[in-house]
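A short write-up of the structure that comes next.
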Amino acid sequence: MTLAPDTHLPNARLELIALTSIPSIVAGCDLAQIIAAALAHDAIDLRDGDILVIAQKIVSKAEGRRVRLDEVTPTAAALDLARRTHKDPRLVELILRESNEVIRVGREVIIVEHRLGFVLANAGVDQSNVSESGADDEALLLPIDPDGSALALRQRLGALCRIPPAIIINDSWGRAWRMGVVGHAIGVAGLNALVDCRGRRDRNGRLLRATEVALADELAAAGSLLMGQADEGRPVVLVRGLTLRASAGEARALLRPKADDLFR
């Protein structure tokens with residue numbers, strides 16, 4: 001699905017607001033209720049067209065995707081790969097469980113195709129801001145179905161707040177061509193993740209033949225800028241000012257087909 005040409009462009013001003021009162025999240029939390037309470041705390045009423053960018057970490061925590069490493073037994077394949085990468089064999093085991101295939105291997109990094117189709121480092125298995133003690137004894141996995149998680153949050157927030165916001169579940173990844181991490185959309189509901197601009201014309205009248213805009217990734221990166229990467233504690237960001245039409249979009253629309261992936 002694509003948006004009409006006039007339904008994805010921001011006005012001259014786009015507003016981003018990080019919610020200030022999201023508590024620590026544990027398994028079984030009603031995440032939508034927590035977000036609704038944070039919106040009320042910050043005196044924010046949702047409007048049509050609002051988008052919430054939500055950190056993957058709190059979604060995974062609420063869904064019980066935290067794993068204790070002392071409960072993980074590495075297989076022979078994990079032990080071999082751990083020797084080659086100098087990583088904890090238990091983490092490698094989790095990475096392999098979450099992956100369809102291993103694509104590249106380097107010191108401290110394993111590039112995989114995740115079971116959801118994403119190509120990323122270490123299958124998204126993360127230890128940052130996971131263990132309450134600060135120890136490296138736990139790890140967090142990506143949600144089982146991020147698009148489904150986004151849709152459930154949109155529906156529940158719509159019931160609680162009367163207006164269903166579009167939802168983007170954001171995770172920070174590196175990129176093949178660039179240094180550093182940036183926000184990526186792994187779950188989407190309520191907007192098209194990919195906007196097809198082919199057939200439109202540029203300012204000089206030239207027909208666009210190849211341009212597709214990763215709208216959900218651009219919004220995820222914008223939200224990630226306010227979220228931060230360390231101890232900021234701002235896992236939910238409201239994006240306001242984008243003109244869009246509600247859509248049954250999904251993050252999987254952003255996946256490049258394997259046959260078109262020049263790196264593989």
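Answer yes or no as to whether Gly106 is loosely packed, with under 14 Cβ neighbours inside 10 Å, outside the structural domain of Asn170 (by TED's automatic domain parsing) and either at pLDDT below 95 or aromatic (Phe, Trp, Tyr) (or both). Write out each step before concluding.
Numbers: loosely packed, with under 14 Cβ neighbours inside 10 Å: yes; outside the structural domain of Asn170 (by TED's automatic domain parsing): yes; either at pLDDT below 95 or aromatic (Phe, Trp, Tyr) (or both): yes.
Yes; evaluated as a whole, the condition is true for this residue.
Could you pull out every one of the helices (runs of 4 or more DSSP H) wholly within segment 56-108 that has 1 or more residues that are closer than 13 Å to Ala123 by Cβ and of a type in the set (Asp, Glu)?
On the way: elements: 56-62, 76-85, 89-97.
Fully inside segment 56-108 and qualifying: 89-97.
So, in segment 17-35, of the ones that are within 19 Å of Pro165 (Cβ to Cβ) and among the small types (Gly, Ala, Ser), which residue ends up modelled with the lowest pLDDT? Write out each step before concluding.
Our first condition is that a residue be within 19 Å of Pro165 (Cβ to Cβ); within segment 17-35, this holds for 17-22, 25, 29-35.
Next, from what is left, pick out any that are among the small types (Gly, Ala, Ser): 18, 21, 32.
Numbers: Ala18: 95, Ser21: 90, Ala32: 98.
Going through the qualifying residues, I end up with Ser21.
Given (1) in a loop (DSSP other than H, G, I, E, B); (2) surrounded by fewer than 14 Cβ atoms within 10 Å (Cβ to Cβ), identify the lone condition not met by Pro164.
Every condition holds for Pro164 apart from (2).
Go through the residues of segment 214-224 one by one and say whether even a single one is touching a residue at least 60 places away in the same chain (Cβ under 8 Å), within 18 Å of the chain's Cα centre (by Cα) and loosely packed, with under 13 Cβ neighbours inside 10 Å.
For segment 214-224, residues touching a residue at least 60 places away in the same chain (Cβ under 8 Å), within 18 Å of the chain's Cα centre (by Cα) and loosely packed, with under 13 Cβ neighbours inside 10 Å: absent.
Hey, can you tell me all the residues within segment 247-264 that are aliphatic (A, V, I, L, M) and surrounded by fewer than 15 Cβ atoms within 10 Å (Cβ to Cβ)? Show your work before the answer.
Residues of segment 247-264 aliphatic (A, V, I, L, M): 248, 251, 253-255, 259, 262.
Of everything in segment 247-264, those that are aliphatic (A, V, I, L, M) and surrounded by fewer than 15 Cβ atoms within 10 Å (Cβ to Cβ) turn out to be Ala248, Ala259, Leu262.
Here are Ala123, Ala78, Ala139, Ala135: which of them is buried (at least 18 other Cβ atoms within 10 Å of the Cβ), among the hydrophobic types (A, V, I, L, M, F, W, C), more than 16 Å from the chain's Cα centre (by Cα) and closer than 26 Å to Ile25 by Cβ?
Details: Ala123 fails: more than 16 Å from the chain's Cα centre (by Cα); Ala78 fails: closer than 26 Å to Ile25 by Cβ; Ala135 fails: buried (at least 18 other Cβ atoms within 10 Å of the Cβ).
Of the residues listed, the single one that is buried (at least 18 other Cβ atoms within 10 Å of the Cβ), among the hydrophobic types (A, V, I, L, M, F, W, C), more than 16 Å from the chain's Cα centre (by Cα) and closer than 26 Å to Ile25 by Cβ is Ala139.
If a residue has to be assigned to a strand (DSSP E or B) and under 20 Å from Ala222 (Cβ atoms) to count, how many in segment 167-200 make the cut? Break it down stepwise before answering.
Here is the first cut: in segment 167-200, the residues assigned to a strand (DSSP E or B) are 167-173, 182-190, 195-196.
From the residues that got through so far, the ones that are under 20 Å from Ala222 (Cβ atoms) too are 167-173, 182-190, 195.
Selection size over segment 167-200: 17.
If I filter segment 43-55 down to residues being in a loop (DSSP other than H, G, I, E, B) and of a type outside the set (Lys, Arg), which single residue comes out as surrounded by the most Cβ atoms within 10 Å (Cβ to Cβ)?
Filtering segment 43-55 for residues in a loop (DSSP other than H, G, I, E, B) gives 43-50.
Narrowing further to those that are of a type outside the set (Lys, Arg): 43-46, 48-50.
On the way: Ala43: 6, Ile44: 15, Asp45: 10, Leu46: 19, Asp48: 9, Gly49: 19, Asp50: 24.
Here the answer is Asp50.
What residue, among those in segment 142-158 that are over 16 Å from the mean Cα position of the chain (by Cα) and without any contact (Cβ under 8 Å) to a residue 60 or more places away in the chain, is nearest to Leu96 (Cα to Cα)?
From segment 142-158, those over 16 Å from the mean Cα position of the chain (by Cα) are 155-158; that's our starting set.
With the extra rule that they be without any contact (Cβ under 8 Å) to a residue 60 or more places away in the chain, the set shrinks to 155, 158.
Details: Gln155: 33, Gly158: 37 Å.
Filtering first and then ranking leaves Gln155.
The values are calculated or read from the model by the stated rules, or taken from the named source; none is laboratory data. Here the structure is a predicted model, which means the values were calculated and not measured. As a convention, Cβ positions derive from the backbone with ideal geometry for all residues, glycine included, and neighbour counts pool all protein chains shown.
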